[in-house]
Amino acid sequence: MPRFFLSSLGLFLCAVGIAGAIDHDPEARPVRPGVTFTLVAEQSDLVTPTGVDVDETGAIWAVAVHTHLPKEDYPGPKFDEILMFSPGGGRSVFYNKTFHTMDLEVGQDGWIYLAERNRILRIRDADGDGRADEEQDLAVLQSDAVYPHNGLSGLAWGPDGELYFALGENFNQAWVLTGTDGRTATGTGEGGVFHCRPDGKGLTRIARGFWNPFGLCVREDGEIFAAENDPGERPPCRVLHVVQGGDYGFQRSYGPGAHHPFVGWNGELRGTLPMVHPSGEAPCGVVSLGRGLLIPSWGDHSVDFYPLTREAASYRAERIEIVKGGRYFRPTCIAFDEYRSSAGRKVFYLTDWVDGRYNVHGYGRLWRLEIDLNLAAWTGPRRLDEPTPEAKLAKRLREGRGLFSRGRLLALAQDKDPFVAQAALVRLSESAPGWKPEAIVEWDDADRVSAVLALRMADAAPEGWIDLLLSDRSEVVQFETLRWLADRRHDAFLARVEELLGRNELSFVLFEAGIAAWNTLSGKPELGLNNTEMLLARVRDEASPARLRAFALRMLPTMARNAAPKGPLATVRFPKGVTVELLAGLLNKGDEELSLEAVRVLSGHPAAGKHVLARVAKDERRSAQLRAEAVAGLAAVADEYLADLVALARSADATVAEEALRALRMQTLSAEQSAALAGARPADLAAALLSPGSLVEGRPALTDVEAWEKRLAAVGGTPDIDAGRRVFHHAGIAMCSRCHRYGGRGKVVGPDLSAVGDRGDRTWLLTSLLQPSAEMAPEFQPRDVVLKDGTVHTGIRLRSYTREQIRDANGNTLTFDTGDLAEIRDLDRSLMPEGLVYSMTDRELRDLLAFLEAGR
């Protein structure tokens, strides 16, 4: 294959006036047997490229983008270029009238299909002069959004001859997509995957719930896979198995926050589907190879292979890196060259954005990837495997084939396989609009939940349903009804949501969902949960039930200054309007639940609230639980309150004494203070304080789960869930809430543990605490960011462009200039350190497990 390089890099930079040449890092190189990676073309023949494909003559087609956020002095053309590289070495501009061109596919009869940000079109050369002179719009997106790469993209042909394409979250702007026959689809910020005939007729939406499925492929068996280009605040990027009617959980309209009760990323919400596997950062393309997928990672500077293994009705995968480059290898789209491939050798072409800047910058490359299957054992089996019984069942349900009674469908909607359950809901949704509300009341709880999911999926008229469902005996039915109202923007029911938010018996889960729905139906969905003004008003409302005031206080967003990469840890402050005086006042309202929440908020900011916490801790008129919470809050500033804590450790109230001993752990005590605590009770906590080695000596290895289970079973007394809660949130012992949320408190570095007890598997839960890296969810795999000065920062990657951004174990977002980086290393150990159990006594560990097992 000839290399199309018509001018030197230096001459190109001089000609177009771009200052500062890129320092050439080593070229991208294969890291697996059987892989050959060859440079075919680079600037100025090809700059900032996106889509690529190969035709039957061997010509390579590519998009050179000039309209993607150009700076004012950008010297390139005003429109994007559709380039054709002939097998003989020629290069020509086939078309140069498109704008924000994201992808390209070669079609039949000379047509070249393009995805612009706001339309799918096709072009061809009708008069044979080598330049396109015929253009047809196939699907047009009407929207006020203009950002280049969160609109239409991801072109792919299916074995059925249909054209498949994707839509990103569109910055939550309303959109209407119209095909050539007038068929339309509408939405806002939920993205989508669609298909139509090659002439633009028969436009059909397949699935929703995407951030930006920039890469799309349809295998020869009709299975669809997508690569999500961006995770926002919910890493990682996702490899998805896309099915008809699928909902993948995302909705941009609910704001950028990492937590929202109506947003899922990995099948957390009922009726949504999980990812197959995390992808590398910012994937832009995906193609099939044997039983797996090839996906380039723009942010990880790699090309990765994902061998797919059937798992019930879907797939699981692993990530195998096959090509690795430096910071100036930014692969975007990928195409399979079926005409130059053979049974034993597969050929692909990749475009390369080169530089991490989003603005067009004048650099670009085209690569040829060859895989010798005789040497590439890592590809695994090549022939597609047969569908599983679950996959066949799910497909029958989605396609409307076979007779299934409503009872059978309701049972399948509870299937443990989310793809089977989702397919049953799709089938149920076909008849849902004809159901009668009075009949649903007689169904059992699980079936009523499925009914709400099916009604939402069918976009049924809510009239006649909402009053009944928001008063349902099941909290889950009420939750899913709020989600239905919010997702479909049924703002006529705002008053009903307000009424629900006044019920004293609400759980926190339902209150939080109600606030999310209220924000949405009030026209402010982008606030997510962070409507500080409204929440603060509820906290101050003397007429509101104290329980609900406590919930509103818990939801007030914590305001944190992000840590600088070379500076101290982030400092935290109260949100605007929340003061120590306000919180101290809430302690005097005579309500235990409100008082506990006020103390917990003060404990989250001990530097500001320590004096109030100390007063509560020493106030014997207060309940033992409230005093213990205040003592736990003082643990973060224990060195300032040693005398008070030593005195409290001798309290007649066992709960207060226990918490004081816990707060003193790891503090340096004087001989006099140690002597004063020599006879303190409980003895296990006194020993942990005065003889720290006792927490390790004689205890089992972390791998001996059975021995730990026996020790915990031998602990006397009844497990104390309240003590377990304080251990979970403790500043110096388990420190679980530094990374995890539970019941609306804590951070979102790791998974939310509010419902971890629903699994009902104590051995699994204990193993997770003992060996946190043994079964680490791929989406929470950390990585080290190593700076040139030798400093190392560890966290979960958020995004990578001209800067690298991670969220560390303390919940801080850290951002680094790529010029300051020496290395980025993926880690095989969890952010949760091993050995945390050695900071706890057996009783504390037992109580923590009891707290987690208690569930919602």
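The values are calculated or read from the model by the stated rules, or taken from the named source; none is laboratory data. Values in this document were obtained by computation on a predicted structure and should not be read as measured data. FYI the Cβ positions are ideal-geometry reconstructions off the backbone, even for glycines, and counts take in every protein chain you see. Please note that ligands, DNA and RNA were not included when accessible areas were found on the heavy atoms of the full protein model with its side chains. Shrake-Rupley method; radii C 1.70, N 1.55, O 1.52, S 1.80 Å.
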| field | Matching residues, region 320-330, being in contact (Cβ under 8 Å) with a residue 60 or more places away in the chain and either open to solvent by 10 Å² or more (accessible area, probe 1.4 Å) or over 12 Å from Leu369 (Cα atoms) (or both) | value | Ile320, Glu321, Lys324, Gly325, Gly326, Arg327, Tyr328, Phe329
| Restricting region 66-113 to residues that are aliphatic (A, V, I, L, M) and over 30 Å from Pro159 (Cβ atoms), the residue that is most open to solvent (accessible area, probe 1.4 Å) | Leu69
| Among the residues of region 50-65, which ones are open to solvent by less than 50 Å² (accessible area, probe 1.4 Å) and either more than 17 Å from Leu121 (Cα to Cα) or aromatic (Phe, Trp, Tyr) (or both)? | Val54, Asp55, Gly58, Ala59, Ile60, Trp61
| request: Go through (1) among the β-branched types (Val, Ile, Thr); (2) under 22 Å from Glu386 (Cβ atoms); (3) open to solvent by less than 30 Å² (accessible area, probe 1.4 Å) one by one and return the number of the condition Ile295 breaks. | output: (2)
| request: For residues that are open to solvent by 10 Å² or more (accessible area, probe 1.4 Å), among the hydroxyl-bearing types (Ser, Thr, Tyr) and modelled with pLDDT of 95 or more, tally how many sit in region 18-49. | output: 2
| Restricting attention to region 389-399, which residues are under 13 Å from His241 (Cβ atoms) and either more than 28 Å from the chain's Cα centre (by Cα) or of a type in the set (Gly, Ala, Ser) (or both)? | Ala391, Ala394
| request: Please work out which residue is least open to solvent (accessible area, probe 1.4 Å), limiting yourself to region 576-595 and to residues that are in a loop (DSSP other than H, G, I, E, B), in contact with a helix residue (DSSP H, G or I) (Cβ under 7 Å, 6 or more places away or on another chain) and over 15 Å from Leu556 (Cβ atoms). | output: Leu587
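Would you be able to tell me the number of residues in region 617-635 that are in contact with a helix residue (DSSP H, G or I) (Cβ under 9 Å, 6 or more places away or on another chain) and either surrounded by fewer than 24 Cβ atoms within 10 Å (Cβ to Cβ) or not in a helix (DSSP H, G or I) (or both)? Outline the logic, then answer.
Applying the first criterion (in contact with a helix residue (DSSP H, G or I) (Cβ under 9 Å, 6 or more places away or on another chain)) to region 617-635 yields 617-620, 622-635.
Add one more test, that the residue is either surrounded by fewer than 24 Cβ atoms within 10 Å (Cβ to Cβ) or not in a helix (DSSP H, G or I) (or both), and what stays is 618-620, 622-626.
So the answer is 8.
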| field | Elements of type strands (runs of 3 or more DSSP E) contained in region 107-214, each with 2 or more residues being small (Gly, Ala, Ser) | value | 134-143, 152-157, 184-187
| note | Condition set assigned to a helix (DSSP H, G or I), buried (at least 16 other Cβ atoms within 10 Å of the Cβ) and without any contact (Cβ under 8 Å) to a residue 60 or more places away in the chain, scope region 483-506, selection nearest to the chain's Cα centre (by Cα): answer is Trp484
| Regarding Gly523, is this residue under 28 Å from Asp487 (Cα atoms), modelled with pLDDT of 95 or more and surrounded by fewer than 19 Cβ atoms within 10 Å (Cβ to Cβ)? | yes
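If the requirement is being surrounded by 20 or more Cβ atoms within 10 Å (Cβ to Cβ), closer than 24 Å to Cys237 by Cβ and modelled with pLDDT under 90, which of these qualifies: Glu804, Glu775, Glu823?
Unique residue meeting the criteria: Glu804.
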| remark: The residue that is farthest from Gln805 (Cα to Cα), considering only those in region 242-268 that are out of contact with any helix residue (DSSP H, G or I) (no Cβ under 8 Å at 6 or more places or on another chain) and open to solvent by less than 20 Å² (accessible area, probe 1.4 Å), is Val242
| said: Here's a check for you: in region 717-744, which residue that is in contact with an Asp or Glu (Cβ under 7 Å, 6 or more places away or on another chain) and of a type in the set (Gly, Ala, Ser) is surrounded by the fewest Cβ atoms within 10 Å (Cβ to Cβ)? | reply: Gly744
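For region 26-77, give me the residue count where each residue is among the β-branched types (Val, Ile, Thr) and under 31 Å from the mean Cα position of the chain (by Cα). So that I can check it myself, show each step before the final result.
Going residue by residue through region 26-77, those that are among the β-branched types (Val, Ile, Thr) are 31, 35-36, 38, 40, 47-48, 50, 52, 54, 57, 60, 63, 65, 67.
Next cut, under 31 Å from the mean Cα position of the chain (by Cα) only: 31, 48, 50, 52, 63, 65, 67.
So the answer is 7.
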| remark: Requiring at least 1 residues that are over 21 Å from Ile295 (Cα atoms), the strands (runs of 3 or more DSSP E) wholly within region 326-410 are none
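May I ask you to list the residues in region 78-89 that are modelled with pLDDT of 95 or more and under 21 Å from Arg368 (Cβ atoms)? Write out each step before concluding.
Start the filter on region 78-89 by keeping residues that are modelled with pLDDT of 95 or more, which leaves 78-86.
If the condition is that a residue be modelled with pLDDT of 95 or more and under 21 Å from Arg368 (Cβ atoms), then Glu81, Ile82, Leu83, Met84, Phe85, Ser86 are the ones that fit.
Among the listed residues Gly257, Gly271, Gly245, Gly232, which satisfies the condition of being over 10 Å from the mean Cα position of the chain (by Cα), over 24 Å from Ala446 (Cα atoms) and in a loop (DSSP other than H, G, I, E, B)? Walk me through how you get there before you give the answer.
Values: Gly271 fails: over 24 Å from Ala446 (Cα atoms); Gly245 fails: over 24 Å from Ala446 (Cα atoms); Gly232 fails: over 10 Å from the mean Cα position of the chain (by Cα).
Of the residues listed, the single one that is over 10 Å from the mean Cα position of the chain (by Cα), over 24 Å from Ala446 (Cα atoms) and in a loop (DSSP other than H, G, I, E, B) is Gly257.
Table: residues versus (1) within 20 Å of Arg665 (Cβ to Cβ); (2) of a type in the set (Asp, Glu).
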| residue | (1), (2) |
| --- | --- |
| Ile806 | no, no |
| Asp817 | no, yes |
| Leu821 | no, no |
| Arg829 | no, no |
| Ser839 | yes, no |
| Arg843 | yes, no |
| Glu853 | no, yes |
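Does Ala676 satisfy the condition of being in contact with a Phe, Trp or Tyr (Cβ under 9 Å, 6 or more places away or on another chain), under 21 Å from Val646 (Cα atoms) and not basic (Lys, Arg)? Before the answer, list the steps.
Details: in contact with a Phe, Trp or Tyr (Cβ under 9 Å, 6 or more places away or on another chain): no; under 21 Å from Val646 (Cα atoms): yes; not basic (Lys, Arg): yes.
Criteria not met by Ala676.
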| query | Could you say whether any residue in region 150-167 is touching a helix residue (DSSP H, G or I) at 6+ places or on another chain (Cβ under 8 Å) and either touching a residue at least 40 places away in the same chain (Cβ under 8 Å) or among the aliphatic types (A, V, I, L, M) (or both)? | reply | yes
| note | Asp752 meets each of (1) within 16 Å of the chain's Cα centre (by Cα); (2) within 14 Å of Pro235 (Cβ to Cβ); (3) not small (Gly, Ala, Ser) with one exception, condition (2)
| remark: Flagged in region 408-445 as open to solvent by less than 50 Å² (accessible area, probe 1.4 Å) and among the basic types (Lys, Arg), in numbering order, are Arg427
| request: Collect the residues in region 660-716 that are in contact (Cβ under 8 Å) with a residue 40 or more places away in the chain, open to solvent by 40 Å² or more (accessible area, probe 1.4 Å) and among the basic types (Lys, Arg), keeping them in residue-number order. | output: Arg711
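Within region 747-766, can you find the residues that are open to solvent by 40 Å² or more (accessible area, probe 1.4 Å) and out of contact with any strand residue (DSSP E or B) (no Cβ under 9 Å at 6 or more places or on another chain)? Show your work before the answer.
Let us first name the residues in region 747-766 that are open to solvent by 40 Å² or more (accessible area, probe 1.4 Å), namely 747-748, 751-752, 758-764.
Result: Asp758, Arg759, Gly760, Asp761, Arg762, Thr763, Trp764.
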| query | So which of Phe171, Phe194 is modelled with pLDDT under 95 and either within 15 Å of Arg122 (Cα to Cα) or of a type outside the set (D, E, K, R) (or both)? | reply | Phe171
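If I ask for residues that are assigned to a strand (DSSP E or B) and either surrounded by fewer than 20 Cβ atoms within 10 Å (Cβ to Cβ) or not aromatic (Phe, Trp, Tyr) (or both), which ones from region 215-229 would you list? Before you say what the answer is, go through the steps one by one.
The initial filter retains those residues of region 215-229 that are assigned to a strand (DSSP E or B), namely 215-218, 224-227.
Across region 215-229, the qualifying residues are Gly215, Leu216, Cys217, Val218, Ile224, Ala226, Ala227.
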